[in-house]
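Data first, discussion second: the structure below is written as structure tokens.
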Amino acid sequence: MVDIISAKSLGSNDIKIDGAVGEPFCDDAKMSMRNVDVFYGDNQAIHDVSFDLEKNQVTALIGPSGCGKSTFLRCLNRMNDLIPICNVKGSLQLDGEEIYGKQMDPVLLRARVGMVFQKPNPFPKSIYENVAYGPKIHGLATDKSELDEIVETSLRKAGLFNEVKDRLDQPGTGLSGGQQQRLCIARTIAVSPEVILMDEPASALDPIATAVIEELIHELKEKYTIAIVTHSMQQAARVSQKTAYFHLGKLVEMGDTKQIFTNPRHELTENYISGRFG
Amino acid sequence: MTTANLVFIVMLIALASYWLGIQRSIKVAGGKQQVKDLVSLPSQYGLLTAFWCGIPAILFLLLWSAIESSVIDSLLIDKVVLSADGQIQQNMGLIVNNVKLLAEKITLSEDISSATDIQLQNAQFFIALNEKATWLKTLLTLVIAVGCVSTILAKIKHSFHARNNLERIVSGLLFTCSGIALLTTIGIVMSVLFESISFFSQVPITEFLFGTQWSPQIAMRADQVGGSGAFGAIPLFVGTILISTIAMCLAIPVGLMIAIYLSQYATKRIRSIAKPMLEVLAGVPTVVYGFFAALTVAPLIRDFGLLIDLPIAAESALAAGLVMGIMIIPFVSSLSEDAMTAVPVALKEGSLGMGATHSETIKKVILPAAIPGIVGAILLAVSRAIGETMIVVMAAGLAANLTFNPIESVTTVTVQIVSLLKGDQEFDSAKTLAAFALGLMLFITTLALNIAALKIVRKYREQYD
Amino acid sequence: MENEYQPTQHISQQFDVELENIKSQVLKMGALVKKQLRDGLTALLDGDEKLAKKVIKRDNKVNALEVKIDEACTSIIAIRQPAATDLRFVLSLIKTITDFERIGDEAEKLAVSTRNVKEKHISEQEYQYLRSMGDMVIEMLTQTLEVIETLNVDQALEVIKQDQAVNDEYEEFLNFLVSRMKDKPKTIKSGLSISWSARALERIGDHLVNINEYLIYLVNGKDVRHIDLEDLEEILNEE
Ligand SMILES: Nc1ncnc2c1ncn2[C@@H]1O[C@H](COP(=O)(O)OP(=O)(O)OP(=O)(O)O)[C@@H](O)[C@H]1O
Ligand SMILES: [Mg+2]
């Protein structure tokens with residue numbers, strides 16, 4: 001399988017990344033990032049990354065471990081503010097509003113840009129309280145019945161309601177891993193965000209739970225804009241419409257998922273998704 | 001040779017045998033290159049040899065020292081009895097002591113002119129005996145040390161598992177150490193328990209537990225007025241509870257706030273300054289807190305009381321409680337901080353990621369998640385407060401008032417124990433024994449609190465690991 | 001093709017071995033098909049019925065190889081879930097062997113016609129036409145095998161272009177046959193027979209074009225099927 005690559009006549013030994021290849025930008029962008037640099041102290045984790053998250057689409061961020069996917073994702077709802085040494089430069093916009101601008105309240109931003117984490121992290125509260133947490137904080141429900149309704153619809157959307165409807169008052173930590181992750185998704189949907197960020201949401205789950213979550217993502221994209229970090233190439237290929245490949249803190253290639261997985265333009269992408277030495 | 005010197009020498013031998021063991025194992029292996037053929041490392045053979053040399057010898061020394069004096073004494077008594085025709089049985093102890101004193105004088109070549117011949121003879125006998133014993137001890141110790149070393153050296157072969165042997169010795173040592181602590185605890189409990197039982201044979205347990213009068217001083221002499229004595233411990237319990245409550249009222253909120261601040265808000269720099277300061281607070285001797293309470297806080301409170309026309313006792317429960325509260329702040333804060341830091345970052349991020357503010361996150365996620373740890377911390381602090389002595393001794397007074405009024409003088413269990421035991425004691429009077437009964441109560445309470453705290457803390461640990 | 005680029009390998013070396021294995025099997029199948037084609041043509045032209053029988057019998061081997069490679073590819077897809085180049089590689093080869101198998105069938109057809117044509121006596125002109133078409137197709141097949149080996153896009157394009165010549169030759173031959181049949185209705189029967197064989201050769205050319213298109217897709221990731229030759233060259237030159 002050696003010859004195909006060489007047949008592409010790629011020329012030199014060291015592979016340069018200057019600017020992303022593919023189509024990082026789109027007309028219908030929910031979030032657009034331009035020339036983003038992220039530093040941890042003196043250590044630069046993200047180098048000059050620019051791309052768009054298309055509205056009502058799933059964008060997968062893939063790349064080798066440590067390439068800065070999580071770092072980048074966490075910039076999108078300013079979770080990086082929690083790390084004192086983390087410093088973000090460049091322009092990140094949500095519907096044209098500057099995320100790191102003075103006008104932006106990170107607390108409100110995070111209600112608009114929700115996040116689902118790698119490890120399911122339900123609060124040590126009941127299932128009901130877990131989902132009701134966000135709506136309560138943001139005052140989304142005026143009375144109990146309204147809150148009940150939000151909880152139910154969120155759990156339904158996350159495909160969990162039927163499994164837990166008889167034990168809403170039991171602790172969320174008592175659910176299985178896959179159920180916990182769906183609970184976390186339900187919790188995130190409950191505050192009706194506009195964008196959902198997912199950092200390896202299925203990495204701790206078995207294939208069935210994974211499939212359920214993937215199906216869920218597929219449905220969620222009707223309403224939300226989704227960015228998902230995953231280490232599973234197959235998963236990225238299955239759930240996303242757009243794929244962005246990161247390498248050493250740089251965006252190497254971005255484009256339609258189909259194209260990336262059948263015919264990537266950049267050699268690094270090719271190497272990564274086909275499991276070759278970089 | 002003195003025992004200390006002997007121990008030193010045994011150590012030296014052990015050191016030498018360490019080296020010998022290494023050399024021997026290398027030789028057995030057939031050179032430095034073949035060492036890897038051995039089942040254990042040369043240094044392990046060395047250590048094993050050293051242990052085998054040191055431990056039996058020192059054990060022997062310990063045993064010898066334990067029985068030496070009694071054996072010599074009995075030999076001496078036999079001699080004295082022989083020389084004194086048996087009519088001085090009653091004063092035997094005194095005579096033996098005299099002989100020992102004389103012997104000491106002789107060895108120090110002091111003036112011995114006043115001694116009788118028999119005494120001198122006995123003293124000489126004693127000195128000789130001692131000398132013999134010392135020689136025997138030295139000889140035997142060395143023989144044991146060297147004997148063990150040579151046995152073990154002879155045993156070193158290719159297939160000799162020094163590693164496993166060493167492991168056994170080490171675990172034995174560790175077991176012995178923990179055994180010492182355990183035995184001590186059991187000993188303390190037993191002594192307190194037996195004394196308490198004998199107290200309860202004099203004073204009915206119901207009176208002790210439910211009586212509301214505490215005046216043990218009067219009970220000392222039967223001819224005094226009110227000589228019946230009163231051992232109702234309720235005032236003491238109430239005083240203890242009062243002062244502990246005051247202390248906890250101060251320590252819990254302040255400690256928790258500190259914990260929240262340090263674990264959630266403080267920057268690294270502030271934490272690096274504040275944490276050691278808190279630890280200093282925990283390290284201040286309680287007697288210093290006692291000064292502080294008695295000389296600074298109590299007068300301050302009284303002056304303040306005068307200002308608002310409120311008569312406050314010089315030794316008020318308030319002063320003692322407040323200072324005690326300050327003292328236990330670090331206990332509450334550091335353990336609660338640990339509990340809060342142990343709450344997974346994921347939970348915090350989960351909450352913040354949904355648009356909760358920092359304080360909402362703390363209130364609704366972090367505190368509930370850390371509550372078991374915090375409760376554990378508080379229980380430990382309470383048991384510390386109940387057992388605290390110095391501050392209350394100095395600031396709370398001795399009057400056993402049955403009151404819940406914080407500005408009056410009260411006394412606590414620990415204070416009473418101290419006052420019952422200070423001065424001359426007779427171990428059969430109810431007064432002294434009462435101290436043990438109080439001690440037992442205290443012990444049971446703090447033990448229960450500690451067990452509860454540990455249980456809670458352990459349970460909470462399982463949640464996240 | 002000379003290239004100083006250091007080849008990269010899969011992290012799983014077993015995967016490399018499996019892919020390499022498939023490739024060599026495909027080449028083996030190609031060589032077998034080429035032999036079938038050559039022998040079938042020879043049998044037809046020389047009226048060698050013995051050889052024809054051999055060819056017909058050997059077609060089983062071609063079919064067996066197809067099944068075997070098919071299975072290997074299926075297992076790679078199931079186990080390795082190939083992506084990008086690897087995916088295109090496996091897909092192209094799966095398709096390639098289908099076309100190889102069809103070429104084998106066409107070669108068998110030539111062999112089957114041997115007896116028919118022999119009875120009718122093949123004329124000198126017919127012989128020439130078939131010979132030249134056959135040589136062209138064999139040359140195309142030879143080059144196709146080289147392309148599978150080297151994955152040289154230029155050469156693949158070359159092969160695709162050659163098919164035009166085969167088609168032209170076929171057209172001309174058909175015209176020749178038709179006009180001869182008009183002149184001498186007696187020759188209609190033999191003419192039809194021969195035209196079947198010519199048709200088989202022409203089809204083989206088409207199959208080879210398909211294969212080369214797959215190979216171009218494999219290398220460039222561009223689907224170049226059903227596209228005019230000029231457009232095709234244009235697309236490839238965009239690179
Ligand atoms: N809190 C931090 N402080 C300092 N450096 C960090 C921190 N978090 C991440 N980094 C650095 O930033 C780089 C990118 O890390 P990041 O976690 O974004 O990688 P990733 O692509 O998400 O990897 P993975 O796939 O393993 O999750 C790494 O080199 C990492 O060492
Ligand atoms: Mg990550």
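The values are calculated or read from the model by the stated rules, or taken from the named source; none is laboratory data. These figures come from a predicted structure and were not determined experimentally. Cβ placement follows ideal geometry from the backbone for every residue including glycine, while neighbour counts extend to all protein chains displayed. The accessibility values were calculated without ligands, DNA or RNA, using every heavy atom of the protein model including side chains. Shrake-Rupley method; radii C 1.70, N 1.55, O 1.52, S 1.80 Å.
Residues of the range A:7-28 being modelled with pLDDT under 80 and not hydroxyl-bearing (Ser, Thr, Tyr), which ones? Even if it seems obvious, please write down each step before you answer.
Initially, the range A:7-28 is screened for residues modelled with pLDDT under 80, giving A:7-20.
Across the range A:7-28, the qualifying residues are A:Ala7, A:Lys8, A:Leu10, A:Gly11, A:Asn13, A:Asp14, A:Ile15, A:Lys16, A:Ile17, A:Asp18, A:Gly19, A:Ala20.
Go through the range B:125-151 and report how many residues are touching a residue at least 24 places away in the same chain (Cβ under 8 Å), open to solvent by 40 Å² or more (accessible area, probe 1.4 Å) and not β-branched (Val, Ile, Thr).
Filtering the range B:125-151 down to residues touching a residue at least 24 places away in the same chain (Cβ under 8 Å) leaves B:125-127, B:129-130, B:133-134, B:137-138, B:140-142, B:144-146, B:148-149, B:151.
Filter again for open to solvent by 40 Å² or more (accessible area, probe 1.4 Å), leaving B:125, B:130, B:140, B:142, B:144, B:146, B:151.
Next, from what is left, pick out any that are not β-branched (Val, Ile, Thr): B:125, B:130, B:140, B:142.
Qualifying residue count, the range B:125-151: 4.
Residues of the range C:98-121 that are under 12 Å from C:Trp196 (Cα atoms) and either under 10 Å from the mean Cα position of the chain (by Cα) or of a type in the set (A, V, I, L, M, F, W, C) (or both): C:Glu106, C:Ala107, C:Leu110, C:Ala111, C:Val112, C:Val117.
For the range C:161-185, what are the residues that are of a type in the set (Asp, Glu) and open to solvent by less than 50 Å² (accessible area, probe 1.4 Å)?
First, the residues of the range C:161-185 that are of a type in the set (Asp, Glu): C:163, C:168-169, C:171-172, C:183.
Residues satisfying the conditions are C:Asp163, C:Glu169.
Set side by side, the residues A:Asp105, A:Asp48, A:Asp95, A:Asp52 differ, and just one is charged (D, E, K, R) and within 16 Å of ligand 1 (Cβ to nearest atom), which is A:Asp48.
Yes or no: the range B:406-417 includes at least one residue that is part of a loop (DSSP other than H, G, I, E, B), of a type in the set (A, V, I, L, M) and more than 14 Å from chain A (Cβ to nearest Cβ).
Looking for residues that are part of a loop (DSSP other than H, G, I, E, B), of a type in the set (A, V, I, L, M) and more than 14 Å from chain A (Cβ to nearest Cβ), one finds at least one in the range B:406-417, hence yes.
Which residue out of B:Ala448, B:Ala385 is of a type in the set (A, V, I, L, M) and buried (at least 23 other Cβ atoms within 10 Å of the Cβ)?
On the way: B:Ala448 fails: buried (at least 23 other Cβ atoms within 10 Å of the Cβ).
Exactly one residue qualifies, and that residue is B:Ala385.
Kindly indicate whether any position in the range A:230-239 is more than 11 Å from every other protein chain (Cβ to nearest Cβ), outside any loop (DSSP other than H, G, I, E, B) and more than 15 Å from the chain's Cα centre (by Cα). No, that holds for no residue. For the range A:209-225, the condition of being open to solvent by less than 10 Å² (accessible area, probe 1.4 Å), within 16 Å of ligand 2 (Cβ to nearest atom) and within 14 Å of the chain's Cα centre (by Cα) holds for none of the residues. Among the numbered conditions (1) out of contact with any Ser or Thr (no Cβ under 8 Å at 6 or more places or on another chain); (2) at pLDDT 95 or above, the only one that C:Gly30 does not meet is (1). Scanning the range A:144-167 for residues that are under 24 Å from A:Thr210 (Cβ atoms) and open to solvent by 30 Å² or more (accessible area, probe 1.4 Å) gives A:Thr153, A:Arg156, A:Lys157, A:Gly159, A:Asn162, A:Glu163, A:Lys165, A:Arg167.
For first residues located in the range A:123-134 and among the aromatic types (Phe, Trp, Tyr), partners that are open to solvent by 20 Å² or more (accessible area, probe 1.4 Å) and lie 6+ apart or on another chain with Cβ distances below 6 Å form the pairs A:Tyr128/A:Leu168. Look at (1) surrounded by fewer than 18 Cβ atoms within 10 Å (Cβ to Cβ); (2) closer than 30 Å to A:Arg238 by Cα; (3) within 14 Å of another protein chain (Cβ to nearest Cβ) and you find that A:Asp105 fails only one, number (2). Scanning the range B:45-55 finds no residues that are in contact with a Phe, Trp or Tyr (Cβ under 6 Å, 6 or more places away or on another chain), open to solvent by less than 50 Å² (accessible area, probe 1.4 Å) and among the polar types (S, T, N, Q).
Candidates in the range A:77-95 are the residues that are within 14 Å of chain B (Cβ to nearest Cβ) and in a loop (DSSP other than H, G, I, E, B); of these, the one that is farthest from ligand 2 (Cβ to nearest atom) is A:Pro84. Residues of the range A:52-76 that are of a type in the set (S, T, N, Q) and away from ligand 2 (no atom under 15 Å from the Cβ): A:Asn56, A:Gln57, A:Thr59.
Looking only at the range C:155-185, count every residue that is polar (S, T, N, Q) and closer than 30 Å to C:Val219 by Cα and tell me the total.
Applying the first criterion (polar (S, T, N, Q)) to the range C:155-185 yields C:155, C:162, C:164, C:167, C:175, C:179.
Now restrict to residues that are closer than 30 Å to C:Val219 by Cα: C:155, C:162, C:164, C:167.
Residues that pass the stated criteria total 4.
Among the residues that make up the range B:306-316, is at least one of them over 22 Å from B:Met248 (Cβ atoms), more than 12 Å from every other protein chain (Cβ to nearest Cβ) and of a type in the set (D, E, K, R)? Taking every residue of the range B:306-316 in turn, at least one turns out to be over 22 Å from B:Met248 (Cβ atoms), more than 12 Å from every other protein chain (Cβ to nearest Cβ) and of a type in the set (D, E, K, R). Picking from residues in the range C:80-91 that are at pLDDT 90 or above, hydrophobic (A, V, I, L, M, F, W, C) and out of contact with any Leu (no Cβ under 6 Å at 6 or more places or on another chain), the one that is surrounded by the fewest Cβ atoms within 10 Å (Cβ to Cβ) is C:Leu91.
Of all the criteria given as (1) assigned to a helix (DSSP H, G or I); (2) within 23 Å of the chain's Cα centre (by Cα); (3) within 14 Å of another protein chain (Cβ to nearest Cβ), the one not satisfied by C:Ile235 is (2).
Do we find that A:Ser126 is in contact with a Leu (Cβ under 9 Å, 6 or more places away or on another chain), within 12 Å of another protein chain (Cβ to nearest Cβ), on the phi > 0 side of the Ramachandran plot and among the small types (Gly, Ala, Ser) in this structure? Quick ask: steps written out before the conclusion?
Numbers: in contact with a Leu (Cβ under 9 Å, 6 or more places away or on another chain): yes; within 12 Å of another protein chain (Cβ to nearest Cβ): yes; on the phi > 0 side of the Ramachandran plot: no; among the small types (Gly, Ala, Ser): yes.
No: the conditions fail for A:Ser126.
Out of (1) touching a Pro at 6+ places or on another chain (Cβ under 8 Å); (2) within 26 Å of A:Gln44 (Cα to Cα), the odd one out for A:Val252 is which? Only one criterion in (1) touching a Pro at 6+ places or on another chain (Cβ under 8 Å); (2) within 26 Å of A:Gln44 (Cα to Cα) is unmet by A:Val252, namely (1).
Answer yes or no: is there a residue in the range C:220-231 that is closer than 30 Å to C:Gln128 by Cβ, open to solvent by less than 20 Å² (accessible area, probe 1.4 Å) and either assigned to a helix (DSSP H, G or I) or touching a residue at least 12 places away in the same chain (Cβ under 8 Å) (or both). No, there is no match, as no residue in the range C:220-231 is closer than 30 Å to C:Gln128 by Cβ, open to solvent by less than 20 Å² (accessible area, probe 1.4 Å) and either assigned to a helix (DSSP H, G or I) or touching a residue at least 12 places away in the same chain (Cβ under 8 Å) (or both). Can you confirm whether the range A:111-127 contains a residue that is under 21 Å from A:Asn35 (Cα atoms), more than 15 Å from the chain's Cα centre (by Cα), polar (S, T, N, Q) and away from ligand 1 (no atom under 13 Å from the Cβ)? For the range A:111-127, residues under 21 Å from A:Asn35 (Cα atoms), more than 15 Å from the chain's Cα centre (by Cα), polar (S, T, N, Q) and away from ligand 1 (no atom under 13 Å from the Cβ): absent. B:Ser40 meets each of the listed conditions (1) in a helix (DSSP H, G or I); (2) open to solvent by less than 30 Å² (accessible area, probe 1.4 Å) apart from (1).
Here is a list: A:Ile260, A:Ile273, A:Ile217. Which entry is of a type outside the set (Gly, Ala, Ser) and away from every other protein chain (no Cβ under 11 Å)? I'd like the intermediate steps shown before the answer.
On the way: A:Ile260 fails: away from every other protein chain (no Cβ under 11 Å); A:Ile273 fails: away from every other protein chain (no Cβ under 11 Å).
Of the residues listed, the single one that is of a type outside the set (Gly, Ala, Ser) and away from every other protein chain (no Cβ under 11 Å) is A:Ile217.
The set of residues in the range C:166-205 that are in contact (Cβ under 8 Å) with a residue 12 or more places away in the chain and either closer than 23 Å to C:Asn237 by Cα or of a type in the set (Lys, Arg) (or both) comprises C:Lys189, C:Arg199, C:Arg203. Selection within the range A:168-204: residues that are surrounded by fewer than 24 Cβ atoms within 10 Å (Cβ to Cβ) and within 16 Å of ligand 1 (Cβ to nearest atom). The member of this set that is modelled with the lowest pLDDT is A:Ala204. Quick check on my filter: what residues within the range A:63-87 are more than 9 Å from ligand 1 (Cβ to nearest atom) and buried (at least 21 other Cβ atoms within 10 Å of the Cβ)? Of everything in the range A:63-87, those that are more than 9 Å from ligand 1 (Cβ to nearest atom) and buried (at least 21 other Cβ atoms within 10 Å of the Cβ) turn out to be A:Cys75, A:Leu76, A:Asn77, A:Arg78, A:Met79.
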